[in-house]
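A.B. asks: Right, I'll just put the structure down here and ask away after.
The values are calculated or read from the model by the stated rules, or taken from the named source; none is laboratory data. What you see is a predicted model, and the numbers here were worked out from it, not measured in a lab. Positions of Cβ are backbone-derived with ideal geometry, glycine not excepted, and every protein chain shown enters the neighbour counts. The area values use the complete protein model at the heavy-atom level, side chains included, leaving out ligands, DNA and RNA. Shrake-Rupley method; radii C 1.70, N 1.55, O 1.52, S 1.80 Å.
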Amino acid sequence: MMPDTYEHYITNNIKAFYRRRIFTPALYLFLLILLWNLLSLSAPMFPESISTGDTLESAFRKNAEYVRTTLTDLRFTGYTSSFFGRITGYYYYSMRGEECIIILLSPATSEQGLPLIEHVTVNGRILRGEKSFYTLLSNLSADLGWTENGISNKVSHYILSEPGYNMTGNIILYAVILLTGGYAAVCLIFFALCSFFPLLAPACQDLARFGNPKKLLAQAEEELATLPQLATEDMFITEHFFIETSVYGNAIIPIQEIIWIYKYSTLHKFFWYHFSISYTLHISANRHLYIQCPKNIKSDIDGIIDYLAEANHQILVGFSEENRLKVQEIQGTPMHFGTFIEFLNRRV
């Protein structure tokens with residue numbers, strides 16, 4: 001629905017656009033913080049120290065899953081853990097007070113399975129015994145001449161795994177969290193700033209290519225509020241400006257700076273069913289400014305193109321190789337990229 005007045009219409013739309021965009025990064029950061037606390041993702045970074053008086057089960061029940069502890073008199077069981085034929089750990093057993101525990105040491109710590117390790121301090125993860133653990137106990141009871149019930153009553157049903165303390169995987173996870181969380185935080189701050197200070201928005205900063213962005217924005221606001229020349233649902237033409245205020249973005253371009261306009265159609269379909277066609281207006285302006293106005297109807301874009309072409313006879317209309325080459329000649333190549341490529345070709 002078209003508004004009755006366009007007073008501060010551009011500024012208000014820029015504010016509304018960035019207020020809507022705040023929700024996504026804010027939600028992502030909220031979920032990230034929630035999962036960080038619920039899953040105790042910081043635990044591997046700060047392992048808890050457990051003394052000989054703490055059993056593995058009691059530590060596990062206190063959510064001390066990642067721990068650092070000192071072990072003495074570790075004896076090799078003769079069994080190893082492997083993954084795709086590669087040995088990933090060596091099983092040892094040791095007494096901690098009155099509790100006998102099974103420890104899985106890495107090949108480096110155990111020096112490829114030393115028979116006896118008198119003293120070692122490790123970072124490990126407490127894991128609940130699974131099928132492989134009980135298979136180990138069964139085999140170990142046979143080796144020691146114990147009954148399975150006897151060894152099961154003597155040995156803790158929790159295992160301390162050094163390879164399970166997988167910092168490589170955690171580092172990758174932390175890197176992903178840091179990068180995505182940092183990006184979300186930057187977006188959140190930027191969107192919040194743009195919603196309070198519209199001049200910081202890219203649509204306004206693009207005006208700096210052609211003059212003072214504050215003055216040009218004020219001029220565009222005044223022209224749109226007093227006498228818009230052409231208005232569609234989200235595109236407007238005033239005496240000196242083309243203006244877009246859609247849910248996909250905002251743009252303010254002086255008409256005299258526009259050098260090429262054309263439309264591009266997109267067929268929307270679901271499997272084999274074609275249900276609509278939308279049109280995107282492409283605008284190229286001086287100083288390498290490129291704007292796209294997506295998902296419009298053909299009549300609106302045709303009206304915009306006709307009016308702009310009439311307002312500035314220097315504008316190239318329609319997509320063609322000839323027009324593309326003309327624009328390239330007018331614009332030049334930013335940062336002397338073409339010269340750089342030519343230099344590389346000569347070197348090769």
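A.B. asks: Just the residues that are in a loop (DSSP other than H, G, I, E, B), of a type in the set (A, V, I, L, M) and either over 36 Å from the mean Cα position of the chain (by Cα) or under 16 Å from residue 121 (Cα atoms) (or both), please, taken from the range 37-74.
C.D. replies: Once the filter is applied, which keeps residues that are in a loop (DSSP other than H, G, I, E, B), of a type in the set (A, V, I, L, M) and either over 36 Å from the mean Cα position of the chain (by Cα) or under 16 Å from residue 121 (Cα atoms) (or both), the range 37-74 yields only 50.
A.B. asks: If you check every pair at least six apart or on different chains, which have Cβ atoms under 8 Å apart with a residue in the range 316-329 that is under 21 Å from residue 301 (Cα atoms) first and a residue that is modelled with pLDDT under 90 second?
C.D. replies: 319/264
A.B. asks: Does residue 77 meet the test of being in contact with a His (Cβ under 7 Å, 6 or more places away or on another chain), in a strand (DSSP E or B) and open to solvent by less than 90 Å² (accessible area, probe 1.4 Å)?
C.D. replies: no
A.B. asks: So, one more: Please list, ordered by residue number, the strands (runs of 3 or more DSSP E) wholly in the range 206-271 having 1 or more residues that are modelled with pLDDT of 95 or more and in contact with a Ser or Thr (Cβ under 7 Å, 6 or more places away or on another chain).
C.D. replies: 258-270
A.B. asks: Further question on the same structure: Which residues, taken from the range 88-106, are open to solvent by 70 Å² or more (accessible area, probe 1.4 Å) and hydrophobic (A, V, I, L, M, F, W, C)?
C.D. replies: Matches in the range 88-106: 95 only.
A.B. asks: Would you be able to say whether some residue in the range 157-164 is in a helix (DSSP H, G or I) and either open to solvent by 30 Å² or more (accessible area, probe 1.4 Å) or in contact (Cβ under 8 Å) with a residue 24 or more places away in the chain (or both)?
C.D. replies: No: zero hits.
A.B. asks: Only residues that are among the hydroxyl-bearing types (Ser, Thr, Tyr) and buried (at least 17 other Cβ atoms within 10 Å of the Cβ): list them for the range 107-133, please.
C.D. replies: 109, 110
A.B. asks: Within the range 140-156, can you find the residues that are among the small types (Gly, Ala, Ser) and either open to solvent by 30 Å² or more (accessible area, probe 1.4 Å) or part of a helix (DSSP H, G or I) (or both)?
C.D. replies: Within the range 140-156, 141, 142, 145, 150, 152 meet the criteria.
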